[in-house]
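The values are calculated or read from the model by the stated rules, or taken from the named source; none is laboratory data. The structure displayed is predicted, hence computed values, not measured ones. Neighbour counts are summed over all protein chains in view; Cβ atoms, including those assigned to glycine, are modelled from backbone coordinates with ideal geometry.
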Amino acid sequence: METSLPVQTISCTQCGGELHPDQGQIFLTCPYCSSAVYLDKSRVVFHWYLAPTLDEPKARAALARWMAGNQTVKDLDKKARLISITFEYFPVWYFKRRTPQGKEEIILELASATSVSEIRHVRLPAGDLRKYDEGLDSQAHMPTVPLQAAVGWLAQRQISTKEIAEQALVHIPLFTCKYSFQNTGYTALIEAATGQVFANIFPAKAEAPYMMVGGLAAVVFLCLATFPVIGALMGDGEGAMAGFLACSGAGIVAAPLLFALAAWVAAKV
Ligand SMILES: [Zn+2]
């Protein structure tokens, strides 16, 4: 599998033709078969890109939808202030894995540092990959993670290099959105082919208030449930019946109060 190439001759992954890159050139188009390839330190791999379908207004709309959604704090779309939105092609290492059971899966690893490592989970429809084009150079972020390092990450996750059927460099179209909320800066990435939003850290809905309401409800109903027991312990069936009635009555009063409290929390958080 490892075909470490001598420095003098570099061959095209597709046709085996000899490539003669200029000094420092890493993105190449094969003069024989016109494949787009990337020259990594360890080998030559195919170079693809994912074509964007979202322009900036659509990316802004996707961001607003995500901010208005359930994951983030209420009204984030109204309260956050967008600071900047920039476009680039971000590099990822693409691995097609064939498991011993014969299943195929696509694994991505970051080919450059980013604060939003979630981007590794982008969905990559294989049919939409296109041959990288020199025209994209000015918008393409250079890979800084060598292929060998990415293969090393796979090995750490118990994925053998023997299972890797295909590897390539893929540039994915991304809008980087920087915004602030309550004087804190955040970054969200929008993958410009599908509009999927990625963020490692964002103003999330707080869980603590919900857990408090849940805990309170549990305690209230547990207390109510002891009424009939106490009644029964006090001696006769009448006591148990009185306890049961008290329990039901209090429960009927408590339920809407707790429900109202939950609704108030949901509206507030
Ligand atoms: Zn070729």
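I'd like to know if segment 184-191 contains one or more residues that are part of a helix (DSSP H, G or I), among the acidic types (D, E) and over 30 Å from A262 (Cβ atoms). No: zero hits.
Checked against the criteria, T114 counts as assigned by TED's automatic domain parsing to the domain that holds Q139, of a type in the set (S, T, Y) and either within 16 Å of the ligand (Cβ to nearest atom) or under 29 Å from the mean Cα position of the chain (by Cα) (or both).
When segment 16-29 is filtered for residues that are surrounded by 13 or more Cβ atoms within 10 Å (Cβ to Cβ), over 18 Å from S42 (Cβ atoms) and within 37 Å of the chain's Cα centre (by Cα), only T29 remains.
Matching residues to (1) among the hydroxyl-bearing types (S, T, Y); (2) under 17 Å from the mean Cα position of the chain (by Cα); (3) surrounded by 15 or more Cβ atoms within 10 Å (Cβ to Cβ):
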{"position": "A168", "(1), (2), (3)": "no, no, yes"}
{"position": "I172", "(1), (2), (3)": "no, yes, yes"}
{"position": "C177", "(1), (2), (3)": "no, yes, yes"}
{"position": "F181", "(1), (2), (3)": "no, no, yes"}
{"position": "A204", "(1), (2), (3)": "no, yes, no"}
{"position": "Y210", "(1), (2), (3)": "yes, no, no"}
{"position": "V229", "(1), (2), (3)": "no, no, no"}
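Pairs linking a residue in segment 154-170 that is not assigned by TED's automatic domain parsing to the domain that holds I106 to a residue that is in a strand (DSSP E or B) and at pLDDT below 95, with Cβ atoms under 8 Å and 6 or more positions apart or on different chains, do not occur. Does D40 meet the test of being more than 22 Å from L189 (Cα to Cα), surrounded by 13 or more Cβ atoms within 10 Å (Cβ to Cβ) and either modelled with pLDDT under 90 or aromatic (F, W, Y) (or both)? So D40 fits the description; yes.
Out of all the residues in segment 152-167, which are in a strand (DSSP E or B) and small (G, A, S)? Selection gives A165 alone. Within segment 62-87, residues that are in the same structural domain as S180 (by TED's automatic domain parsing) sit with their Cβ atoms under 7 Å from residues that are small (G, A, S) and surrounded by fewer than 16 Cβ atoms within 10 Å (Cβ to Cβ), at 6+ positions apart or across chains, in these pairs: Q71/A204; T72/A204; V73/A204; D77/A64; D77/A68; A80/S180; R81/S180; I83/S180.
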